[in-house]
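The values are calculated or read from the model by the stated rules, or taken from the named source; none is laboratory data. Small disclaimer: the values here were computed from a predicted structure and weren't measured. Virtual Cβ from ideal backbone geometry, glycine too; neighbours counted across all protein chains shown. We work out accessible area using only protein heavy atoms, side chains counted, and drop any ligands, DNA or RNA first. Shrake-Rupley method; radii C 1.70, N 1.55, O 1.52, S 1.80 Å.
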Amino acid sequence: MAYKFQVGEAILSGSVIQKGDITAQSSDISAGDDLIVAGDSVMTGSLTVNGQLDLAISGQATSIRGGLTV
C-alpha cells in the first residue's frame, strides 16, 4: 500500500473520507454539491445556505441555539 502526504493546499477529486477533525481557521468550508455532516457537530459563526437545508434526522433531536430566520 502506498502512502502520500500533502503539505499545503490540495485539490482532491472522487470520494474523500476524512478521519478526525476538519477546522477552517481563516477561510470558509464550501461544497459544490452535497455537504454531509454525520454525528455530533458544532458550528460557530454564521451559515449561509442557497437551496435546501435539512436539519432533522429521523429519530434524532435537532437543536438550534440562537436565531433562525426563514
Q) Leaving out ligands, DNA and RNA but keeping every protein chain, what accessible area does ASP33 have, in Å² rounded to the nearest 10, with a 1.4 Å probe? A) 130
**Q.** Accessible surface, 1.4 Å probe, highest first, among residues SER13, SER41
**A.** SER13, SER41
(Q) Just to verify a number: what accessible area does ILE29 come out at with the full protein assembly present, 1.4 Å probe, Å² rounded to tens? (A) 100
Q | Solvent exposure of the chain as accessible area per residue, Å², 1.4 Å probe | A | 113
Q: Compute the distance in nm between two label points, each set 7 Å from the Cα along the Cα-to-Cβ direction, one at SER41 and one at ASP28.
A: 1.6
Q: Run the 1.4 Å probe and let me know the accessible area of VAL37, rounded to the nearest 10 Å².
A: 90
Q) Per-residue HN-Hα couplings for the range 59-66, Karplus 6.51 cos²θ - 1.76 cosθ + 1.60 at θ = phi - 60°, whole Hz, x for Gly and Pro? A) x, 10, 7, 10, 10, 10, 9, x
Q.
Give me the net charge for the shell around SER15: Cβ to Cβ below 15 angstrom, other residues only, Lys and Arg +1, Asp and Glu -1.
A. -1
Q: Roll a 1.4 angstrom probe over the protein heavy atoms and tell me the percent of accessible area of the chain that is carbon or sulfur.
A: 49
Q: Using label points projected 7 Å from each Cα along Cα→Cβ, tell me how many nm separate GLU9 and ASP54, to one decimal.
A: 3.3
